[in-house]
Structures are given as structure tokens and as C-alpha cells.
Amino acid sequence: GAGVSQSPSNKVTEKGKDVELRCDPISGHTALYWYRQSLGQGLEFLIYFQGNSAPDKSGLPSDRFSAERTGGSVSTLTIQRTQQEDSAVYLCASSGQGLGNQPQHFGDGTRLSIL
Amino acid sequence: SQQGEEDPQALSIQEGENATMNCSYKTSINNLQWYRQNSGRGLVHLILIRSNEREKHSGRLRVTLDTSKKSSSLLITASRAADTASYFCATDKSGGYNKLIFGAGTRLAVHP
């Protein structure tokens, strides 16, 4: 498809397990963003990838969170030893070159529930 | 803390009425964007206004920006039930930042 694709759309797991969330950005977009959205809240920035530059990890809430972007395309967000407070919708977005005057294109998110 | 704060948090109107949502931010910006989010979906970009612009239109949408007050407003005219969604402002801080900072959003309900 032409849009940002995220998988899985829903993930339910037990506390303490590791989870991997995947984002497939729009082809040709060099900038990729991960956000977290708690119920009824705004978006919390997690991490930003731009081309081959070092990612901006300033939003990651703890060292249990990590993300990779392979080959400048697909990205994976990994949460280790999940906690109940990690329950949220994780949204991925991409934009052309990551400039502030460019819109971000969002996937529909992964709804993560930690039991 | 979040850069943008939307006001009101929730708004309920009848079809045909206008809806106005406000956004305030704290630091100097390059651009301000408005996004819409339908329940259970990702955000969709609506409109971008640059810091040197004061007003912008797109269809039934009108956005204003007052940099002296660090605020923006989104007006949706002749609202429709399909406009029911959450609306977020997002700012791109001046000084070399390439990431957007989102507010908490306004939940708009348009009743038929």
C-alpha cells in the first residue's frame, strides 16, 4: 500500500514479556518517528530516525525501550520486560526529509495491552 | 511538558454549526500543524501554517496564528457529523529541531 503500515494492529501480552512492534514507512521517506499515545491523551514522542544520522532517542522512557531502522526503511520498536504502564497505542509516522514544514504520515498504530 | 495545549478539551455541537479549537504553545516555532484523529486510527494532516503567516484556509478549515500570543486557532465551518474526531496541534520548534511536539487534543463531537 501507499501509506504507513504497522503490525500487529493489536498485541496482548503478559507482564515481563518482550514485544516487537513493526513499522513500514512510505517508500522514499527518510524520516521515521515513533510516538506513544495513552488513552484519551496526546502523542508522546519516543524516537526519531533521519536517514543515516544517529537517531534522536531523547523520548524513550527507559532503557527497556529500543528501536532500530534497518536499511533506512522498516523500523522495529522493542519493549523488553513489559510493564502494565507500557499499555498504550504506539504510532509510527514518516515524512519526506524530516523537515518541520512537512506533514507526517501516520500508521493506524499498534494497540498494546499488558496483562 | 508538552509544547502545545489545546482548548477546549472537548466540544459538542450540532451539525451546521461552526467549531473553534485553540492551541497555545510555549516557545518560538517555525511551523504549526493541525492533525485530525478518528477513533482507533492514526493522525491525518490537515493544514500547516508557517510562523510568518497569520491565516490560512483549506476548504471548510480556517487556521490563524498569533505568534505574539503563541496561539493558534482552527475553525471548522458548517460542521458535519463526519467531522467528529480529535484534533491536535503540533509545533516544530525553531532552533534546528526536526520533530513535532503535539498537544493533548480537542475531542469534537458533531451531532446530526
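The values are calculated or read from the model by the stated rules, or taken from the named source; none is laboratory data. Fair warning: this is a prediction, and the values are worked out from it, not measured in the lab. Glycine gets a Cβ as well: all are built from the backbone with ideal geometry, and neighbour counts include every protein chain shown. Protein only, heavy atoms only, side chains kept; ligands, DNA and RNA dropped before computing areas. Shrake-Rupley method; radii C 1.70, N 1.55, O 1.52, S 1.80 Å.
Overview of results
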quantity	calculated
Exposure ranking of B:55, A:68, B:6 by accessible area [1.4 Å probe, largest first]	A:68, B:55, B:6
Residue mean of other protein chain beta carbons inside 10 Å, A:100-112	6
Where N is the number of residues in the stretch B:4-111, Cα Rg divided by 2.2 N^0.38 Å	1.01
Karplus-derived 3J(HN,Hα), 6.51/-1.76/1.60, for each residue of the stretch B:8-21, Hz, glycine and proline x	x, 6, 9, 9, 10, 9, 9, 3, x, 6, 8, 10, 10, 10
Amide H contacts under 5 Å for residue A:47, placed H, 5+ residues apart	A:34
Test item: A:39-47 mean partner chain Cβ contacts at 10 Å	5
Solvent-accessible area buried by pairing B with A, both sides, nearest 100 square angstrom, 1.4 angstrom probe	1600 Å²
Accessible area per residue in Å² at 1.4 Å probe, computed on chain B	47 Å²
Average beta carbon contacts from partner chains per residue of B:19-31, 10 Å cutoff	1
Relative contact order (percent, whole number), chain B, Cα cutoff 8 Å, 6+ residue spacing	39 percent
Charge context of residue A:108, other residues only, Cβ under 14 angstrom, K/R +1, D/E -1	+4
Out-of-range pairs (alpha-carbon distance over 30 Å; input B:70/B:99; A:15/B:93; B:26/B:56; A:57/B:56)	A:15/B:93; A:57/B:56
Potential extension, residue B:111-residue B:55 segment - 0.36 nm per residue separation minus Cα distance	17.4 nm
Computed FRET value (nearest 0.05) for residue B:44 with residue A:81, which takes r as the C-beta separation and R₀ as 45 Å	0.85
Value of relative contact order over chain A, rounded to a whole percent, pairs C-alpha under 8 Å and six or more apart	38 percent
Principal semi-axes in Å for chain A [√(5λ), Cα gyration tensor, largest first]	23, 14, 13
Solvent-accessible area, 1.4 Å probe, carbon plus sulfur percent, for the protein assembly as shown	44 percent
Integer Hz, Karplus 6.51/-1.76/1.60 couplings in order for the stretch B:28-39, x for Gly and Pro	4, 10, 8, 9, 10, 10, 10, 10, 10, 9, 7, 4
Centroid-to-centroid separation of the stretch A:16-70 and the stretch B:1-73 [C-alpha atoms, Å]	24 Å
For the protein assembly as shown, the spread of Cα positions along each principal axis, largest first, Å	48, 39, 35
19 Å tail of the calculated P(r), the stretch B:55-112, as % of Cα pairs	42 percent
